[in-house]
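Novice: Here it is: the structure, laid out below.
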Amino acid sequence: MSHIKTELNAGVLSISFARADKKNAITQAMYADLARAVTEAQDAAAVRVVLFRAEGDSFSAGNDIGDFATIAMGGTRPTDMAVFNFLKSLAYLDKPAVAAVKGRAVGIGLTLLLHCDLVVTAEDALLSTPFVNLALAPEAASTLLLPMAIGHQRAFEMFALGDPIDGKTAHAWGLANRCVPAADVDAEGLRLAKALAMRAPGSLAATKRLMRDAERLWALMQAEGEVFGAQMLSPEAREAFAAFFEKRPPNFAAAD
């Protein structure tokens, strides 16, 4: 069973996280489906806009830690994982992308938003980038895009401390275009996507290409992946993963 659902309607391709019982935590199999969906959207003339949304009460809890740890500890390099096919598809997507965010948006659940052109958040949504909490490093070109969006100090605090910000704060800081009650998130996201689908597609694509340097983003994603991979094999990361599964605070002094 695929936990990624797609539906094309009036030029809008809705890509939905459909693993609500796991807070839409993303497995490598889901990343493969996401990469396929975005790549096909880029090539399909019928698709004018991509809309990322989620079933259930959370946008995404980020990587499925169990799935991720199993693959990583098996010696697979991050840049060889399916997630990197998804990231590359985002870097080169020149069609408008919209995100409708409610509940938790953790890790890739937040960094994905940096590749969306319009973002709607619920007022009570909680967005976080707890990479350092897992002794890892940021991804998805977020080391460039997040400071560009909200400033170095705010971005560093989000990366280093991992504390969540709510939807109202995300909107005030410039991470979201709209902030609405949770019950209205999907409708507002679809409304914006449909509005974009009515605009001239060639003009939109040209505008997006001028605003984003796809080659630079993909190069940075790969560089981040190398650092991520090195951290993943570090004593710090082993302690962080062990602490996560044992439901205790990590002791990084012991991991030196």
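Every number in this text was worked out from the coordinates using simple rules, so none of it is lab data. The shown structure was predicted, so the numbers you read here are calculated from the model rather than taken from an experiment. Positions of Cβ are generated from backbone atoms using ideal geometry, with glycine treated the same way; all protein chains shown enter the neighbour counts.
Novice: Would you list, by chain and number, the lysines whose Cα falls below 23 Å from the Cα of LYS23, excluding same-chain residues fewer than 8 positions away?
Specialist: Reachable lysines: LYS5, LYS102, LYS168, LYS247.
Novice: Please arrange ASP186, ASP124, ASP21, ASP64 by how many other C-beta atoms lie within 10 Å of their C-beta, fewest to most.
Specialist: Neighbour counts put them in this order, fewest first: ASP21, ASP124, ASP186, ASP64.
Novice: Among THR79, THR169, THR70, which one shows the biggest mean-square fluctuation in a GNM of the chain, springs joining Cα atoms closer than 10 Å?
Specialist: Highest fluctuation among the options: THR70.
Novice: Right, here's the next one. Specify which labelled value, from [x] 60, 21, 16; [y] 26, 24, 19; [z] 29, 19, 18, agrees with semi-axes √(5λ) of the Cα gyration tensor in Å derived from the coordinates of the model shown.
Specialist: Label [z] holds the value from this structure.
Novice: Using θ = phi - 60° and the Karplus relation 6.51 cos²θ - 1.76 cosθ + 1.60, list the HN-Hα couplings for region 171-185 in order, rounded to whole Hz, with x at every Gly or Pro.
Specialist: Using θ = phi - 60°, the values come out as 5, 5, 7, x, 7, 9, 7, 9, 9, 9, x, 3, 5, 9, 4 Hz.
Novice: May I pose another question? Mind listing the long-range amide H neighbours of LEU126? Cut-off is under 5 Å, sequence gap 5 or more, other chains count too, H placed in the peptide plane at 1.01 Å from N.
Specialist: Amide H to amide H, under 5 Å and 5 or more residues apart or across chains, LEU126 pairs with GLY103, ARG104, ALA105.
Novice: Still on this model: Tell me, what ³J(HN,Hα) does each residue in region 241-248 have, in order and in whole Hz, if you take phi through Karplus 6.51 cos²θ - 1.76 cosθ + 1.60 with θ = phi - 60° and put x for Gly and Pro?
Specialist: Values, residue by residue: 5, 4, 5, 4, 6, 8, 6, 9 Hz.
Novice: For region 81-158 and region 219-233, compute the distance between their C-alpha centroids and round to whole Å.
Specialist: Cα centroid to Cα centroid, the span is 16 Å.
Novice: Still on this structure: Got a sec to turn the phi values of region 33-46 into Karplus ³J(HN,Hα) couplings, 6.51 cos²θ - 1.76 cosθ + 1.60 with θ = phi - 60°, whole Hz, x for Gly and Pro?
Specialist: Going residue by residue, I get 5, 4, 4, 4, 5, 5, 5, 5, 4, 4, 8, 8, 5, 6 Hz, with x marking Gly and Pro.
Novice: Could you work out how far apart the two model spin labels at PHE156 and MET198 are, taking each label as a point 7 Å from the Cα in the direction of the beta carbon, and quote it in nm?
Specialist: Going by the 7 Å Cα→Cβ label model, 4.5 nm.
Novice: On to the next question. Count charges around ASN9 for me, please; just the other residues with Cβ under 14 Å from its Cβ, Lys/Arg as +1, Asp/Glu as -1.
Specialist: Values: positive: LYS5, ARG48, ARG53, ARG191, LYS194; negative: GLU7, ASP186.
Net charge in that neighbourhood comes out at +3.
Novice: Using a 10 angstrom Cβ neighbour count of at most 16 plus a DSSP loop assignment to flag exposed trypsin sites (Lys or Arg not before Pro), which longest range of the chain is free of such sites?
Specialist: Within the chain, the longest run free of exposed trypsin sites (Lys or Arg not before Pro) spans 1-198.
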